[in-house]
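The values are calculated or read from the model by the stated rules, or taken from the named source; none is laboratory data. Only a predicted model underlies this, so the values are computations on that prediction, with no experimental measurement involved. We place every Cβ from the backbone using ideal geometry, glycine too, and count neighbours over all the protein chains shown.
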């Protein structure tokens, strides 16, 4: 039995006046129902571009998309990259849904919450507006909005940031999707509200048995919710594996660097942070060889200047743990500080 | 004992707001800051944390007199600056600088880096030793920018580099105090550490004092010596860093700390989390009694009527709570 979503060799690029922007490059991964895959990376690493491609939200005329993203539905597999646009549209909001970072700009300010939720429901269900509002109220209750029958009539500006994100989650889940993509769902929220929303996402995943892709830059959030992790850098997956493997035995210098560079609230020794030098490369005219080479402190350990000439492939280092790096296991152990 | 660089006592900043519609005459106040005490000693970093709307940014700005305080006193280097006019403030501003959150909004896009940093000298009518251009280039080099880029415009730099420009501008006049308002929260993870390290190095070099305003407790924990936790304009807890993080006594601090995600899956799964219900109440109409009572899991009748005073419960550790958490050790 194959996973619910299987992405294979997905490549997205945008032709611009300055040249071709290689936003995401040769992305392959899968997510199954009940599983949470976290996609971590900095701005411009291609994490959002990849998920928008899966949702079929890129303009096909101005974007070059190659590869496949297969949804294994009960009615049979569909490749959302090659399927006709109106077929993909009928999957959005039903088989797959998405929530965004900023709930205020994702909700329409002129329509009540109930109208917006029932519109999403009535798209795929037979029922009048009244039935839609009833369903909307049920969903608001499910996502923990107090006094749902009253609040369903209110407008987005009457809700706080955390409550708006709950509304977004209710809307995304109203047609019982099998895949939920959450793009930085808690970045705009305060920490105490963030932990409420993360808990809600966990509960909803159980309730609906969904596959969840969580896009974030926050390694703390990832550690809390992810089963598996894709680490992205300059449009490519540089490391892929189960969460514990990524955190305790990272196999890519970028992941090692990230984990060393973030202060931890539970470590009070006041050690100096080990920053990753430099900044990410431009996605136009990416350098030959490894994209991370110029910021990598270990690149000079690789023989024959290989990092500068040959782009490393995503190789399996261990059982189901992949990394895109030329370093040998011995060199990696040293890079991790002996672990 | 050395004199604090900055001492604020009972600081209040209230903003008037109209409460009704366009034609209503109803006037209310937002008590953005409502009685804050704070001391910063030379070379010390005070972390000021809290959620959005707690007043932490307003404290930072009022300290620099970018806002006129409603009540309370601000002492800078032992001098009371509360009542000083903008003109009287000007020479003193060379000693107190600010680093802003958004490196895109805080740099004039039409000015070159040289002008942006050089302005600080012009405004104070100071000619640096060895020439202005040389000094600007020395500053650029010090913060990790290429001095040859002196004639470039902000858009030619990345976010991290722009924040370095902001830092160079802040240290140009060798100030004693820098108010850093969320200086790294707009930056990517791998860049944040670069700027945090730079701030720490500069502190050591110039014996700077920082008022570090941020919502990210991990960063605050890393950089601060003392931490002040605010909620709805009031100080909830004020303690030495180690004390605060290992032994939080205020229920709000405890909940806040338990909500911070830790980049370690095993700890993340095992940790007991206190999930606070609801959202921050509106600062226009704060709850009576203790401002935290609507979200506190230990709330009792007394909390709804009596405002808890900020009191010292052990040396160097102050909290404002009727029912503090027990000390863990």
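What do you reckon, is residue B:251 surrounded by 21 or more Cβ atoms within 10 Å (Cβ to Cβ), more than 18 Å from the chain's Cα centre (by Cα), at negative phi and without any contact (Cβ under 8 Å) to a residue 40 or more places away in the chain? Lay out the reasoning, then the answer.
On the way: surrounded by 21 or more Cβ atoms within 10 Å (Cβ to Cβ): yes; more than 18 Å from the chain's Cα centre (by Cα): yes; at negative phi: yes; without any contact (Cβ under 8 Å) to a residue 40 or more places away in the chain: no.
In short, no.
For the structure I just gave you, tell me whether residue A:251 is facing chain B (nearest Cβ under 7 Å), closer than 30 Å to residue A:34 by Cβ and in contact with a helix residue (DSSP H, G or I) (Cβ under 9 Å, 6 or more places away or on another chain). It would help to see each step written out before you state the result.
Details: facing chain B (nearest Cβ under 7 Å): no; closer than 30 Å to residue A:34 by Cβ: yes; in contact with a helix residue (DSSP H, G or I) (Cβ under 9 Å, 6 or more places away or on another chain): yes.
For residue A:251, the condition - facing chain B (nearest Cβ under 7 Å), closer than 30 Å to residue A:34 by Cβ and in contact with a helix residue (DSSP H, G or I) (Cβ under 9 Å, 6 or more places away or on another chain) - is not met.
Filtering region B:205-224 to residues that are in contact (Cβ under 8 Å) with a residue 24 or more places away in the chain, more than 21 Å from residue B:254 (Cβ to Cβ) and surrounded by fewer than 20 Cβ atoms within 10 Å (Cβ to Cβ) leaves B:206, B:207. Of all residues in region B:249-268, at least one satisfies being facing chain A (nearest Cβ under 7 Å), under 27 Å from residue A:158 (Cα atoms) and touching a strand residue (DSSP E or B) at 6+ places or on another chain (Cβ under 9 Å).
Residue-wise test of (1) at pLDDT below 95; (2) part of a loop (DSSP other than H, G, I, E, B); (3) loosely packed, with under 14 Cβ neighbours inside 10 Å; (4) within 17 Å of the chain's Cα centre (by Cα).
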{"site": "A:2", "(1), (2), (3), (4)": "yes, yes, yes, no"}
{"site": "A:7", "(1), (2), (3), (4)": "no, no, no, yes"}
{"site": "A:21", "(1), (2), (3), (4)": "yes, no, no, no"}
{"site": "A:25", "(1), (2), (3), (4)": "yes, no, no, yes"}
{"site": "A:28", "(1), (2), (3), (4)": "no, no, no, yes"}
{"site": "A:61", "(1), (2), (3), (4)": "yes, yes, yes, no"}
{"site": "A:71", "(1), (2), (3), (4)": "no, no, no, yes"}
{"site": "A:78", "(1), (2), (3), (4)": "no, no, no, no"}
{"site": "A:105", "(1), (2), (3), (4)": "yes, no, yes, no"}
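Would you mind stating whether residue B:228 is crowded, with 24+ Cβ neighbours inside 10 Å and either at the interface with chain A (Cβ under 8 Å from one of its Cβ atoms) or at pLDDT below 95 (or both)? Working first, answer last.
Details: crowded, with 24+ Cβ neighbours inside 10 Å: yes; either at the interface with chain A (Cβ under 8 Å from one of its Cβ atoms) or at pLDDT below 95 (or both): no.
Considered against the rule, which asks whether it is crowded, with 24+ Cβ neighbours inside 10 Å and either at the interface with chain A (Cβ under 8 Å from one of its Cβ atoms) or at pLDDT below 95 (or both), residue B:228 comes out as no.
Please tell me if residue B:319 is within 11 Å of chain A (Cβ to nearest Cβ) and either in contact with a helix residue (DSSP H, G or I) (Cβ under 8 Å, 6 or more places away or on another chain) or surrounded by 18 or more Cβ atoms within 10 Å (Cβ to Cβ) (or both). When the stated conditions are applied, residue B:319 does not pass them. Of the residues making up region B:237-248, just one is in contact with a helix residue (DSSP H, G or I) (Cβ under 6 Å, 6 or more places away or on another chain) and away from chain A (no Cβ under 13 Å), namely B:237. Scanning region B:264-278 for residues that are buried (at least 22 other Cβ atoms within 10 Å of the Cβ) and not in a loop (DSSP other than H, G, I, E, B) returns a single hit, B:265.
Yes/no matrix, rows are residues, columns are (1) more than 14 Å from chain B (Cβ to nearest Cβ); (2) on the phi < 0 side of the Ramachandran plot; (3) assigned to a helix (DSSP H, G or I); (4) crowded, with 20+ Cβ neighbours inside 10 Å:
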{"site": "A:154", "(1), (2), (3), (4)": "yes, yes, no, no"}
{"site": "A:169", "(1), (2), (3), (4)": "yes, yes, yes, yes"}
{"site": "A:201", "(1), (2), (3), (4)": "no, yes, yes, yes"}
{"site": "A:222", "(1), (2), (3), (4)": "no, yes, yes, yes"}
{"site": "A:265", "(1), (2), (3), (4)": "no, yes, no, yes"}
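Within region A:31-50, take every residue that is closer than 11 Å to residue A:234 by Cβ and surrounded by fewer than 23 Cβ atoms within 10 Å (Cβ to Cβ) and give me the one that is modelled with the lowest pLDDT. Reasoning before the result, please.
Taking region A:31-50 first, the residues closer than 11 Å to residue A:234 by Cβ are A:41-42, A:44-46.
Now restrict to residues that are surrounded by fewer than 23 Cβ atoms within 10 Å (Cβ to Cβ): A:42, A:44.
Working: A:42: 89, A:44: 86.
Per the stated criteria, the residue is A:44.
For (1) within 14 Å of chain B (Cβ to nearest Cβ); (2) more than 29 Å from residue A:12 (Cβ to Cβ); (3) loosely packed, with under 14 Cβ neighbours inside 10 Å, each residue gets a yes or a no:
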| position | (1), (2), (3) |
| --- | --- |
| A:87 | no, no, yes |
| A:97 | no, no, no |
| A:119 | no, yes, no |
| A:125 | no, yes, no |
| A:162 | yes, yes, no |
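Determine if region A:204-213 includes at least one residue that is in a loop (DSSP other than H, G, I, E, B), buried (at least 19 other Cβ atoms within 10 Å of the Cβ) and modelled with pLDDT of 95 or more. There is at least one residue in region A:204-213 that is in a loop (DSSP other than H, G, I, E, B), buried (at least 19 other Cβ atoms within 10 Å of the Cβ) and modelled with pLDDT of 95 or more. Being within 12 Å of another protein chain (Cβ to nearest Cβ), under 14 Å from the mean Cα position of the chain (by Cα) and closer than 14 Å to residue A:36 by Cβ is the requirement here; does residue A:226 meet it? Spelling it out, residue A:226 is indeed within 12 Å of another protein chain (Cβ to nearest Cβ), under 14 Å from the mean Cα position of the chain (by Cα) and closer than 14 Å to residue A:36 by Cβ. Here the condition is being within 14 Å of another protein chain (Cβ to nearest Cβ) and either farther than 22 Å from residue A:261 by Cβ or crowded, with 17+ Cβ neighbours inside 10 Å (or both); of B:179, B:184, B:167, B:133, it holds for B:184 alone. Out of B:286, B:281, B:261, one residue alone is in a loop (DSSP other than H, G, I, E, B), touching a helix residue (DSSP H, G or I) at 6+ places or on another chain (Cβ under 9 Å) and modelled with pLDDT under 95. It is B:261.
Looking for something assigned to a helix (DSSP H, G or I), within 13 Å of chain A (Cβ to nearest Cβ) and closer than 29 Å to residue B:289 by Cα - is there at least one such residue anywhere in region B:197-218?
Start the filter on region B:197-218 by keeping residues that are assigned to a helix (DSSP H, G or I), which leaves B:197-206, B:217-218.
Keeping just the survivors that are within 13 Å of chain A (Cβ to nearest Cβ) gives B:197-201, B:203-204, B:217-218.
Those still in the list that are closer than 29 Å to residue B:289 by Cα too: B:217.
So far as region B:197-218 goes, yes, one or more of its residues are assigned to a helix (DSSP H, G or I), within 13 Å of chain A (Cβ to nearest Cβ) and closer than 29 Å to residue B:289 by Cα.
Looking only at region A:59-76, how many residues end up being more than 22 Å from residue A:15 (Cα to Cα) and without any contact (Cβ under 8 Å) to a residue 12 or more places away in the chain? Quick ask: steps written out before the conclusion?
First, the residues of region A:59-76 that are more than 22 Å from residue A:15 (Cα to Cα): A:70-76.
Adding the requirement that they be without any contact (Cβ under 8 Å) to a residue 12 or more places away in the chain leaves A:74-76.
Selection size over region A:59-76: 3.
As a summary of the residue check, residue A:144 satisfies the conditions (1) under 27 Å from residue A:6 (Cα atoms); (2) within 14 Å of another protein chain (Cβ to nearest Cβ) except for the one numbered (1).
Tell me, please, whether a residue that is surrounded by fewer than 22 Cβ atoms within 10 Å (Cβ to Cβ) and assigned to a helix (DSSP H, G or I) can be found in region A:181-190. The answer is no, given that none of the residues of region A:181-190 is surrounded by fewer than 22 Cβ atoms within 10 Å (Cβ to Cβ) and assigned to a helix (DSSP H, G or I).
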